[in-house]
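The values are calculated or read from the model by the stated rules, or taken from the named source; none is laboratory data. As the structure is a prediction and not an experimental result, all values here were calculated from the model. Please note: Cβ atoms are built from the backbone with ideal geometry, for glycine as well, and neighbour counts cover all protein chains shown. To get the accessible areas, we keep the full protein, side chains included, count just its heavy atoms, and leave off ligands, DNA and RNA. Shrake-Rupley method; radii C 1.70, N 1.55, O 1.52, S 1.80 Å.
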Amino acid sequence: MEINRLHVVIATERRAAGWSQEALAERSGVSVRTIRNLELGTNKNPRRATVELILKALQSAPRPLSSLSLSIPSHAPMMAHRAVFSGADVPVGEFDSASSTGPWLGIRPRTDVLVGRQADMRHVCAAVKSSRLLVLTGPGGVGKTRLALASAAQLQRMYRDGVAVVELGSLLPERDREREALAAVTEAVETRMPCSSAPQTTEFRMLLVIDNAEHVLKAVTEVSQRLLHEHPGLDIIVTSRRPLALMSATSWEVAPLPVDSPSGTGHSPAMELFLIRAHTSVPTLDITDRLPAVTTLCTRLDGMPLAIEVAAHRLRSVSLNTLLRDAPLLPILDQISLGSLSHHRPLSSAAKWSYDLLSPSQRALLHHLARIQNPFTIEDVTGFDPSVDDSPAGNIKVLAELVDNSVVQVRRGREYVYRIPTLIREYVNGYVSDLGSRPVAMTV
């Protein structure tokens, strides 16, 4: 691995060990500033002795879920050797079909490092091994697709018949056309997974990833049930903004990246993602002395990975101060398209995709909640008169539906506290309100 991948290895293995940059500095004898510059990729010509100290410290770290072999060859320029990861932040490109028993069919994982998802990766890999159907839920732009694909790459060696990825974003919503939706989902699966129409023996082992299922949820549920019944060796991961109504399915809610560092020191995952993407987009810009401002911006963006990446890319044209102004962020960020899925281009499309899936009563309550301050409580919901169902129980039912649709987030404790993500709030109060709250046609 060349020098331009060294920052990936150091950052990845440090997080896998559960260390802050300060902890790695203490164990290696290398300054925090040097480690920070190496992880950001701003130090293009590190001293050999410095890198050896860092890699030696990382090699000594307890790592039950990771096997790392690090050494510096004396006959070559500075290199960071290939590492074998298992459940940490991983450069998923390290898992290719050449080292696996089965093929990869469909869109492939991104090859850059997956930031802040150690716990998610561990849970997904363990859940797939114990449950045949796993559903990843969460709001648009939180990283469900990327987590699913990275996890599938991690697990690929388990499946002799490979991994098949089916992306459903181009299908029309089922709504009043459930029969057509079922046929479309079936065709999409059979196109990617030709053996799906013929029952297999237990020797058949395949992992199926069904991505972006929220608008054809009933069809995906029916197809998944049939496939699992007919193929004993098949496991399925589904990504959806809404959970499947299936008791046999295991669900995992993909949360935004933490904005605050757990130890109170070093970079939080959200800040780290922003700094990495900012350096990739504008290598000559140094914002390492403005970390509190970066934290403030990541907080405004709710730790949403897609929004953070878009904001970091926007630094090519506007300053960090501009992004921190007391003004809506969506209009500033909305012209940038980084997502590989049609409903993520641009950011307002991610919000619109969720909004268009809502019923009139759900939209009415969402508009009410978007006008009050975050966070809010159940009293703010039960006191709302939607002129449709004025009973508190009816409002609570609609609130539960908004949570299930991932447009309202909930902090669970003795008393539940709710909030609407910033970009959803700005979309509802700006883009939709300007249209008189009329339903917007679905675009896929």
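Given Lys129/Lys218; Lys129/Lys397; Lys144/Lys218; Lys218/Lys397; Lys129/Lys352, which pairs have Cα atoms separated by over 28 Å?
Pairs exceeding the cut-off: Lys129/Lys397; Lys129/Lys352.
If you take the beta carbon distance between Glu415 and Lys218 as r and set R0 to 51 Å, what does 1/(1 + (r/R0)^6) give as a FRET efficiency, to the nearest 0.05?
Numbers: r = 34 Å, r/R0 = 0.66.
Efficiency for this residue pair is about 0.90.
Apply 1/(1 + (r/R0)^6) to the Cβ-Cβ distance of Val282 and His229, taking R0 = 56 Å, and write down the FRET efficiency to the nearest 0.05.
Here the calculated transfer efficiency is 0.60.
Hey, can you rank 282-291, 305-314 by average C-beta count inside 10 Å, highest first? Write down the numbers at each step before the final one.
Values: 282-291: 13.1, 305-314: 24.6.
My ranking of the peptides, most packed first, is 305-314, 282-291.
Say each of Thr296 and Asp326 gets a label point 7 Å from the Cα, pointing the same way as Cα to Cβ; how far apart are those two points in nm?
Placing both labels 7 Å along Cα→Cβ, they lie 1.1 nm apart.
Which order, highest average first, do 408-415, 294-301 follow once you tally other Cβ atoms within 10 Å for each residue and take the mean per peptide?
My ranking of the peptides, most packed first, is 294-301, 408-415.
In what order, largest first, do Asp404, Asp260, Asp112 sit by accessible area if the probe radius is 1.4 Å?
Numbers: Asp404 75, Asp260 110, Asp112 40 Å².
In descending accessible area the options line up as Asp260, Asp404, Asp112.
Return the distance in nm (one decimal) between the two label points of a simple spin-label model at Thr191 and Phe204, each offset 7 Å from Cα along Cα→Cβ.
2.1
Ignoring ligands, DNA and RNA, how do His231, His267 rank by accessible area with a 1.4 Å probe, largest first?
Numbers: His231 0, His267 25 Å².
Largest to smallest exposure gives the sequence His267, His231.
Roughly speaking, what is the centre-to-centre gap between the range 16-61 and the range 236-293 when only Cα atoms are used, to the nearest Å?
The two parts, judged by their Cα centres, are 22 Å apart.
Show me 120-131, 50-61 ranked by packing, highest mean number of other Cβ atoms within 10 Å first.
Details: 120-131: 17.2, 50-61: 18.8.
The peptides rank, most packed first, as 50-61, 120-131.
Run the reach check for Lys56 against lysines, Cα to Cα strictly under 28 Å, same-chain hits fewer than 8 apart removed. What comes back?
Lys44
When the chain is fully extended, how far beyond the present Cα-Cα distance does Lys397 get from Met247, taking 0.36 nm per residue of separation?
My answer for the length gained is 52.0 nm.
Label-point separation (nm) for Arg160 and Ala126, each offset 7 Å from Cα along Cα-to-Cβ?
Once both label points are built, they end up 2.9 nm from each other.
If Trp19, Trp252 are ordered by their accessible area, calculated over protein heavy atoms with a 1.4 Å probe, which sequence runs from highest to lowest?
Highest to lowest solvent-accessible surface, that is Trp252, Trp19.
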